[in-house]
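Every number here is computed from the coordinates shown, using simple stated rules; none is lab data. What you are looking at is a predicted structure, and each value in this text was computed from that prediction instead of being measured.
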C-alpha cells in the first residue's frame, strides 16, 4: 500500500477522532506528496525514496519554523510546528543512532579508501545512498567531516 493511500486512511481516522494536530500534519504530508507527484518529470506513482525525501523536507521545514518561532518568543506557533513534526516523523523509517551512523560511515570510508577531505564528495554520495531516510543529512555530513579531517 502506497504512503498516499495510508495517509488518506489516517486522515479519515483523525477526522473521526477530532485530532486537529494529527489532521494538520497528515494534510501537510498529503499536500507535499501530491505536489511531488505533479512535478515535471515525475512518474505516476512515487517511489519509496521520493516519499522519504518529501517527508524529510517537511520535517526540516517544521524544525526551521519552530526555531524561528522560538527565537521570536512565539511558543504557541512553535508548538503547532512541533505537533505537526511528530505526526510527520511517524511515517519515516526508524532513524539510526549516532553510533550506528558512525560505524556505517567508517565502513564506507574503508571500502572507498578515502583519506582526507578531498574524498568527501565520493564518501557523501555513497553514504547518502545507503543511509537515505534512516539518518538526517546534517548528522551524516558532520560525521563524515569529523572522520575525514
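Return the whole-Å distance between the Cα centroid of segment 103-122 and the Cα centroid of segment 1-29.
Taking the Cα centre of segment 1-29 as reference, the centre of segment 103-122 is 41 Å away.
In a solvent-free Debye calculation with one equal scatterer on each Cα, what is log10 I(q)/I(0) for the chain at q = 0.09, 0.13, 0.14, 0.22 Å⁻¹, listed in the order of the q values?
Debye curve over Cα of the chain, log10 I(q)/I(0) at q = 0.09, 0.13, 0.14, 0.22 Å⁻¹: -0.37, -0.72, -0.81, -1.25.
Which whole-number percentage describes the relative contact order of the chain, with Cα contacts under 8 Å and a sequence gap of 6 or more?
Working: 123 pairs, mean separation 30.5, N = 149.
Value for the chain: 20 percent.
I'd like the orientation of helix 137-148 relative to the chain: the angle between its Cα long axis and the longest Cα principal axis, in ° from 0 to 90, rounded to 10.
10 degrees
Per the helix-only calculation at 222 nm, which mean residue ellipticity applies to the chain, given -39500 (n - 2.57) for every DSSP H run of n ≥ 4 and division by its residues, nearest 500 deg cm²/dmol? Show your work: numbers first, answer last.
Details: 7 runs with 112 residues, N = 149.
So the calculated ellipticity at 222 nm is -25000 deg cm²/dmol.
Give me the mean projected area, in nm² to one decimal, of the convex hull enclosing the Cα positions of segment 98-148. Spell out each step's value before the answer.
On the way: hull surface 11.6 nm².
Value for segment 98-148: 2.9 nm².
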